Amino acid sequence: MSFEINKLLNFLIDSEGSDMILTVGAPPTIRIDGEMKNASKTALTEEDTTMLMESITPQRNQKELKECGSTDFAVFFEDRATFRMSAFRQQNKIAMVMRLIPRAIMSIEKLGLPGSVFKQAMRPRGLFLVTGPTGSGKTTTLATIIDHINSTSSKHIITIEDPIEFRHEHKRSIVTQREVGIDVPEFSEALRRALRQDPDVILIGEMRDLETISIALTAAETGHLVLGTLHTNSAYDTITRIVDAFPTNQQELVRIQLSNTLNMVVCQTLCKKIGGGRVPAYELMKVNSGIRNQIRENKIQQIPSSIQISRSEGNILMDDHLVELYYKGLITPEDVLARANNVPEVTKRIYEQEGQ
């Protein structure tokens, strides 16, 4: 059987899947609502995966794959969708993972986050973080936030991404998008240069190293709105990850910077919805004066309690939102416990409900 990359991409779109995995010895496999399903009865050969990779991967990325063993890039496919592509070697053979990024930016209503989140994203300065595991929809959330700023205010928005997944038109704002590896070599270099490019809003696709985090804090401190992502599962983990990225002798200063600049943390994950589809679960932390003091005074372990007692401000813990989704009949107990931060406490709450 001959495999063609365009047919595989169209099949993924038509199947409403999120990802396709191509690896030697298995058929093309797609992920639909979190479940893996074969897209063919025929297993891929080494020649198939090499041919498919070469048919869609730019020469620059093929060189990186040869030298580094992996490469990432985006493909804007006809008028249908964008794909985030990852090509890599495994057992000295080529494999690929293709993630579907819908071409249309999701509306605020469909995204499902409360309006308070977008109010925080419209603040003129500070740090706004969207966190969660891979595949949790962080990029989609940030694209919707950028589109909201672009549509409602007159700003210069600079995005730094690897790769660019959503292309933004100029609306009320000007949006300049820089792709790491094409327009600039590193996130830290792009961010450093961005401070001299008259930005109002800076989006950092991933705060992946100490230098990038440090410059982001400085940018937020000096009058810019900085949006960024981290791979953390709670607001507590997010603050801890940022502080721990720095040497011990710098952590007190970093806590002061963070307490002064952090506006909001949105932690999100996608759960399998009973009956089909996906439903987002999230933790929201709008930073109030009490939380600022806890960050500054290194009482970070008290933050979950502060989130819980400030629900009237729109804050909510991930565990509380997961339990709410379960009570509404949207997700299973297994999904709740797989994503909960305090599993014993959440288990008790679920089974108390079942016993009533």
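Observations, loosely collected:
- Against the conditions (1) under 24 Å from the mean Cα position of the chain (by Cα); (2) among the small types (Gly, Ala, Ser); (3) assigned to a helix (DSSP H, G or I), SER305 satisfies every one except (1).
- Checking each residue in region 134-167 for being more than 17 Å from the chain's Cα centre (by Cα) and either surrounded by fewer than 16 Cβ atoms within 10 Å (Cβ to Cβ) or not charged (D, E, K, R) (or both) picks out HIS148, ILE149, ASN150, SER151, THR152, SER153, SER154, HIS156, ILE157, ILE158.
- Meets criteria (free of Cβ contacts under 8 Å to residues at least 40 places away in the same chain, outside the structural domain of LEU195 (by TED's automatic domain parsing) and among the basic types (Lys, Arg)) for LYS93: no
- Condition met for ALA281 (closer than 19 Å to ASN233 by Cβ, in the same structural domain as GLY137 (by TED's automatic domain parsing), surrounded by 19 or more Cβ atoms within 10 Å (Cβ to Cβ) and of a type in the set (Gly, Ala, Ser)): yes
- Condition check for LEU284 on (1) modelled with pLDDT of 95 or more; (2) of a type outside the set (Asp, Glu); (3) over 30 Å from ILE174 (Cβ atoms): one failure, at (3).
- Meeting the requirement of 1 or more residues that are of a type in the set (A, V, I, L, M) and more than 30 Å from GLY314 (Cα to Cα), the strands (runs of 3 or more DSSP E) wholly within region 53-131 are 70-77, 81-90, 93-102.
- Subset of region 139-151 (residues that are within 11 Å of PHE118 (Cα to Cα) and among the β-branched types (Val, Ile, Thr)): THR141, THR144, ILE145, ILE146, ILE149
- One residue stands out among those in region 142-158 that are in contact with a helix residue (DSSP H, G or I) (Cβ under 7 Å, 6 or more places away or on another chain) and of a type outside the set (Lys, Arg): the one that is nearest to GLY205 (Cα to Cα), which is ILE158.
- From the options THR218, THR248, THR240, THR176, residue that is among the hydroxyl-bearing types (Ser, Thr, Tyr) and either farther than 21 Å from VAL130 by Cβ or crowded, with 18+ Cβ neighbours inside 10 Å (or both): THR248
- Residues satisfying the stated conditions in region 72-91, i.e. touching a helix residue (DSSP H, G or I) at 6+ places or on another chain (Cβ under 9 Å), of a type outside the set (Gly, Ala, Ser) and under 18 Å from GLY17 (Cα atoms): VAL75, PHE77, GLU78, ARG80, PHE83, ARG84, MET85
- Selected residue (criterion: farthest from ASP335 (Cα to Cα)) from residues of region 7-50 that are in a helix (DSSP H, G or I) and without any contact (Cβ under 8 Å) to a residue 40 or more places away in the chain: GLU47
- Of the residues THR139, THR176, the single one that is within 30 Å of LEU44 (Cβ to Cβ), of a type outside the set (Lys, Arg) and out of contact with any helix residue (DSSP H, G or I) (no Cβ under 7 Å at 6 or more places or on another chain) is THR139.
- Check on VAL184, closer than 21 Å to HIS168 by Cα and buried (at least 21 other Cβ atoms within 10 Å of the Cβ): no
- Yes/no for TYR326 being outside the structural domain of PHE128 (by TED's automatic domain parsing) and surrounded by 21 or more Cβ atoms within 10 Å (Cβ to Cβ): yes
- All strands (runs of 3 or more DSSP E) inside region 200-298 with 1 or more residues being basic (Lys, Arg): 262-272, 278-286
- Screening THR57 on (1) hydroxyl-bearing (Ser, Thr, Tyr); (2) without any contact (Cβ under 8 Å) to a residue 60 or more places away in the chain; (3) surrounded by 15 or more Cβ atoms within 10 Å (Cβ to Cβ); (4) more than 22 Å from PHE166 (Cβ to Cβ) shows it passes everything except condition (4).
The values are calculated or read from the model by the stated rules, or taken from the named source; none is laboratory data. Keep in mind the model is a prediction, meaning the values are calculated, not measured. Note that we place each Cβ from the backbone using ideal geometry, even for glycine, and neighbour counts take in every protein chain shown.
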